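Novice: Below is the structure I would like to discuss, written out as structure tokens.
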Amino acid sequence: MIPFLDLAAAHAEIGREIEEAIHRVLESGSYILGRELEAFEADFADYCGAKFCIGVGNGLDALHLSLLALGIGPGDEVIVPSNTFIATWLAVSQCGAVPVPVEPNAATHNIDPSLIEEAVTTRTRCIIPVHLYGQPADIDPILAIADHHGLPVLEDAAQSHGARYRGRRVGSLGDAAAWSFYPGKNLGALGDGGAVTTNNSAIAERLRVLRNYGSRTKYVNEVRGTNSRLDSLQAAILRVKLRNLDRWNEHRKVLANLYLRELGHLKAALPAVPEWADPVWHLFVVGLDERERVQKKLHEAGITSLIHYPIPPHMQQAYTDLGIPQGTLPIAEDLANRVLSLPLGPHMNLADGQYVCQTLATILDDR
């Protein structure tokens, strides 16, 4: 069996370091906020090329609290990709704002900057580009549009730890960037976790207050905040994993290049990588006709594959109130019907990658 992602393999490789980090936290007696979190925040900010990092409870909170820190509220509109995980939309809704979807580039699956301008209205207050599947969105033209209209840009970087856009790390390009450390991410905790990076000291300070009950000083509450703090244990674990992230990402690239080379002759839409993008291959997503048949055959051959994502946000029951009819966003809908994610991870060996390629070729040739 070839798993989609082998999470236990990371512990097998660096388990002793992780256990030492956990033991250090247990002995410290400090489990919420404190020095361990501050150390990770400094490490991750430096890694991203950002001035500040604020650890929070999860990726959705990172998005939601960032929007609150940017002043987004009821009645505002926020431009989002039509093709993304629903968390991007949910964060907007949690502020009382309205997500306004923009279609992706069909080749890269990321938001198409050329379509953003026409989505801007007098109620638009923010743009959220998502660096989907570990590939950076084309951020410079998005920043230009945002600057023209006086709008902040919030990067959804939940899948792109370490990715570069024109040589610059994502996470330091917009006004703020929201991160997820869900265990399956390139930089994953042993539970939920998230963070926001920013170069804006005022945004950073607002986030520190919002994540901690609206409080700077204990029992003194300035605003109606929430409880969303990356705990010391997860911060310590992430510090260990961060030291290995670039090496793990490089192995993901080796596997992705194997897929690109070996699958290029097949009747499948492979990921398109612009010359300015340096992705970290959180996912390797192909487009297929007869996806269900192919996925079933892969499963029978012992290969686990997943679909990211089978239902676009505008077609989810959660967003029926927006009244966006089927067919309104045809690119997102077509991708949802065709995409399939192949196994890929930092501990997957090349022989297994070759087996995936050979098996997929056999399935696609057997029609």
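The values are calculated or read from the model by the stated rules, or taken from the named source; none is laboratory data. Just so it is clear, the structure is predicted and the values come from calculations on it, not from any experiment. Here the Cβ is made from the backbone with ideal geometry for all residues, glycine too, and neighbour counts use every protein chain on show. SASA here: full protein model, heavy atoms, side chains in, ligands and nucleic acids out. Shrake-Rupley method; radii C 1.70, N 1.55, O 1.52, S 1.80 Å.
Novice: Would you work out what percent of the accessible area of the range 300-367, with all protein chains in place, is carbon or sulfur (probe 1.4 Å)?
Specialist: Answer for the range 300-367 is 52 percent, counting heavy atoms of protein chains only.
Novice: Can you pull the accessible area of residue 226 for me, 1.4 Å probe, Å² to the nearest 10?
Specialist: Looks like 60 Å² after rounding.
Novice: So, one more: Explain nothing, just compute: Karplus ³J(HN,Hα) = 6.51 cos²θ - 1.76 cosθ + 1.60, θ = phi - 60°, for every residue of the range 183-200 in order, whole Hz, x for Gly and Pro.
Specialist: Values, residue by residue: x, x, 6, 4, 10, x, 7, 9, x, 6, x, x, 7, 10, 10, 7, 9, 9 Hz.
Novice: Debye calculation, C-alpha points only, no solvent: report log10 I(q)/I(0) for the range 12-103 at q = 0.12, 0.16, 0.23 Å⁻¹, in the same order as the q values.
Specialist: One equal scatterer on each Cα of the range 12-103 leads to -0.57, -0.82, -1.11.
Novice: In what order, largest first, do 347, 131, 64 sit by accessible area if the probe radius is 1.4 Å?
Specialist: 347, 64, 131
Novice: For the chain: lysine pairs with Cα atoms under 20 Å, gap of 8 or more or different chains, count?
Specialist: Value for the chain: 5.
Novice: Output the Kirkwood hydrodynamic radius of the range 276-364, Cα pairs only, in Å rounded to one decimal.
Specialist: One decimal place: 14.8 Å for the Kirkwood radius.
Novice: On to the next question. On full extension of the chain, what length is gained from residue 107 through residue 11, given 0.36 nm per residue of separation minus the C-alpha to C-alpha distance?
Specialist: Computed gain between residue 107 and residue 11 is 31.0 nm.
Novice: Are there GluC sites (Glu not before Pro) in the range 192-275 that DSSP marks as loop and that have at most 10 other Cβ atoms within 10 Å, and which are they?
Specialist: 275
Novice: Continuing with this model, one more query. Before I look further, what does the range 237-367 give for accessible area per residue, probe 1.4 Å, in whole square angstrom?
Specialist: Here the per-residue accessible area is 47 Å².
Novice: At 1.4 Å probe size, with every protein chain present, just tell me what the per residue accessible area of the range 1-147 comes to in Å².
Specialist: 41 Å²
Novice: Right, another one. Rounded, prolate or oblate: which fits the range 153-205, taking a ≥ b ≥ c as square roots of the Cα gyration tensor eigenvalues, rounded meaning a/c under 1.5, else prolate when a/b beats b/c?
Specialist: Since a/c reaches 1.5 but b/c is at least a/b, the shape of the range 153-205 is classed as oblate.
Novice: Can I ask one more? I need the phi-derived Karplus couplings for the range 76-84: 6.51 cos²θ - 1.76 cosθ + 1.60, θ = phi - 60°, integer Hz, Gly and Pro marked x.
Specialist: Once θ is set to phi - 60°, the couplings for the range 76-84 become 6, 10, 10, 7, 9, x, 6, 10, 6 Hz.
Novice: Among residues other than residue 329 whose Cβ falls under 13 Å from its Cβ, what is the net charge (Lys/Arg +1, Asp/Glu -1)?
Specialist: Computed value for this residue: -4.
Novice: Which of rounded, prolate, oblate describes the range 207-345, given a ≥ b ≥ c as roots of the alpha-carbon gyration tensor eigenvalues and a/c under 1.5 marking rounded, otherwise prolate only if a/b is larger than b/c?
Specialist: Oblate, since a/c reaches 1.5 and b/c is not below a/b.
Novice: Hand me the GluC sites (Glu not before Pro) from the range 278-364 located in a DSSP loop with no more than 16 other Cβ atoms within 10 Å, in residue order please.
Specialist: 290
Novice: Here is a further query. Which of the three applies to the chain, rounded, prolate or oblate, going by the alpha-carbon gyration tensor with a ≥ b ≥ c and a/c under 1.5 meaning rounded?
Specialist: In terms of gyration-tensor shape, oblate.
Novice: With a cap of 15 neighbouring Cβ atoms within 10 Å, and only residues DSSP puts in a loop, list the trypsin sites (Lys or Arg not before Pro) found in the range 84-187.
Specialist: Here the trypsin sites (Lys or Arg not before Pro) that fit, given the DSSP loop and packing criteria, are 123, 166.
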